[in-house]
Amino acid sequence: MTDDTTKSEPQTEPEQQQQPQPQKQPEEQPVEQPTEQQTPAVPPRMPTMHFPRPHVVAPVDQGDKSEARRAIAARRGPAPLPTWSFAMTLIVRSVRNAMQSGAVSKGGRRVAVPAPPGVRVVQTTVPMRPERIMPGMAEDEAKGSVPAEWVDYHAYRDASKPAERVVIYMHGGGYTFGSPGMHRSVTWRLAKHGHARVLSLDYRLAPKSTFPVAVFDALCAYLHLIDPPAGQPKYEPHQISFSGDSAGGGLSTGLLLYCRDNGIPMPGAVVTFSPWLDLSLSLPARHINEAYDYLPGTMNQTSPTRFVPYVKTNDDLLSPYASPMFARDGDGGDASKPPLPPMLIQVGDAERVRDDGIVFAYNTFVGSPIRVEIYEDGVHVFQIFAAADGFAREALRRAGVFIKEQTGGTVEARPPVVPGTVWVRANRRLPDVDVPDPMGIIDDAVRELVARGVWKCDLEETSVFVVRDGATLDRSRSGVPTARIAAEDAPAIIISGAASAAAADAVVAASVTAVADDNAEAENEVKGIIAQVDAELKAAGGVTGAVDSATVTAVDVEDAVSTAVAIAAQ
């Protein structure tokens, strides 16, 4: 590993001759937000980029829902949201304009946020491991080294010995832009509050380097710490945590799953901020929060066979290392796979990637110790605005404390992570609110979209759930879809509310076989199953939504029909 300290240049870190004791800068005090206000009773406003302006709908029936779920479901009115400060309002509008114009993606790698005095930033490289080349990579892609930077807040004098704990950080940017320098406002605070060294990785980006190159780069960084070359400090896995935001959150989670599936020891903890875990963009927050978040309203599809630039083809969208939401723990299928290490997932309740982390924790890995924090009125990766927003600083403080508690030291001394979800209030005078039904937040969004006419709800108009190369995609236990792959920008079948997993199974199997051109008898039988399940769902108060299918490849019709009939008969 070759290191050289960042030179004193504009927007980079000052040169450090010897690492001094950090000058303790008083952390900015979180800005007190106003107490709860009544949101104006105005129609929900959403851009008209790819669906009509929604009509006014009655608020969702509140029933016995939790406080957080009631507040999120009842949100009305345009941005800015009531809890946003003037600074946050300006930031969101400015970033949204920059994202829409392409200025962020064009200049993302040139931006370097200066760290405060006393924070040491050292440029370094991580050698690649050609013996660990992954399927889908060319041999030349496994040669060379990966740029990175060490970020230290606390004194670290002897580079020949391991620190107590290390964070491998993977920046966001949709896998197409971003850099360690752009995310220093996050990494130096993690170093501070986590009492850790942070290795911020400058992994290769799309479209030049596609999946799984970024996963390979991250793996090389991890192996460099736990299996280093001669002369380099060696770390134990329990001393290391993976962390990242947005695409980097998806990358850190994908790396975690790759380690689990390939006999590589998993790290001590994982912390992600607004992780992008579903590259197929199938969940309702993408639509319901479009009026508030700064992320673009549309996804620039590379081609009909390549939904996002990060993948070579849409086949890769199903890989759990690209879309970790498609993975499963032992509880969901393969009992030989161990649970994941302690995880903290932070999302904003006003962001378009909100649902990814919720579904991952409550459907994909229900058997793992995952803590979800939903931040009131938070936009996508609001933590990156910590320099101007006290709420963001508080989120990073909590993330750092989690890292400090779950890595380093002795395993016996670590507090257990109790799976669960809390709603973190913008007004810090108010305590966190437990969310006993986080998947219900997604259910509410589905109902809202169906009521607005954004998602269709007539199964007679649909002929498929999602089929790719002869295989159906999975769906969540509560019925929320976990994936969609289609040339058009539209949702897949939704089964929500009171629908059971058995009903979801029946509809998925039925929808698939209904498109079998070579089996008219199966098609008629399946239509009957669809009608039966649809009637049961309506009677139980469930909601269904569908998308008109494009060209679809049928799976094994005989197996699908027998499964659907058996489930429907139960």
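The values are calculated or read from the model by the stated rules, or taken from the named source; none is laboratory data. Keep in mind that what you see is a predicted model, and the values were worked out from it rather than measured. Using ideal geometry, Cβ is built from the backbone for each residue, glycine included, and neighbour counts are taken over all protein chains shown. These area figures cover heavy atoms from the full protein model, side chains too; ligands, DNA and RNA do not enter into them. Shrake-Rupley method; radii C 1.70, N 1.55, O 1.52, S 1.80 Å.
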task = Label the range 66-207 by shape, choosing from rounded, prolate and oblate, from the square roots a ≥ b ≥ c of the eigenvalues of the Cα gyration tensor; if a/c is under 1.5 it is rounded, and otherwise prolate applies when a/b is larger than b/c, oblate when it is not.
result = prolate
query = When you count, for each residue, the other Cβ atoms within 10 Å and take the mean per peptide, how do 308-321, 166-179 rank with the highest first?
reply = 166-179, 308-321
key: Amide H within-cut-off set for Val271, under 5 Å, with H built and near neighbours excluded   = Phe242, Ser243, Gly244, Leu344
Length released on extending from Lys208 to Asp140, taking residue separation times 0.36 nm less the Cα-Cα span = 23.2 nm
query = Taking the Cα-to-Cβ direction at Val401 and at Glu67 and moving 7 Å from each Cα, how far apart do the two end points lie in nm?
reply = 1.8
query = Using θ = phi - 60° and the Karplus form 6.51 cos²θ - 1.76 cosθ + 1.60, what ³J(HN,Hα) does each residue of the range 133-142 get, whole Hz, x for Gly and Pro?
reply = 4, 9, x, x, 9, 7, 4, 5, 6, 9
task = Mind running the shape call on the range 137-202? Use the C-alpha gyration tensor, a ≥ b ≥ c as the square roots of the eigenvalues: rounded below 1.5 for a/c, prolate if a/b tops b/c, oblate otherwise.
result = oblate
remark   = Per residue, accessible area of the range 86-236 with a 1.4 Å probe, heavy atoms of protein chains only, in Å², comes to 39
message = If each residue of separation counts as 0.36 nm, what is the full-extension length gain between Val411 and Gln100 once their alpha-carbon separation is subtracted?
response = 107.3 nm
task = Starting from the Cα-Cα distance between Glu131 and Asn427, subtract it from 0.36 nm times their residue separation and give me the gain in nm to one decimal.
result = 101.5 nm
query = Using a 1.4 Å probe, what is the accessible area per residue for the range 377-438, in Å²?
reply = 38
message = Explain nothing, just compute: Karplus ³J(HN,Hα) = 6.51 cos²θ - 1.76 cosθ + 1.60, θ = phi - 60°, for every residue of the range 172-177 in order, whole Hz, x for Gly and Pro.
response = x, x, x, 6, 10, 8
note = Here the tail fraction of P(r) beyond 26 Å, over all Cα-Cα pairs of the range 167-320, rounds in percent to 28
note = Most packed first (mean Cβ within 10 Å per residue), the peptides 398-411, 80-93 order as 398-411, 80-93
task = Please work out the Cα center distance from the range 195-218 to the range 384-451, rounded to the nearest Å.
result = 25
key: Mean Cβ count within 10 Å, highest first, over the residues of peptides 268-278, 418-428   = 268-278, 418-428
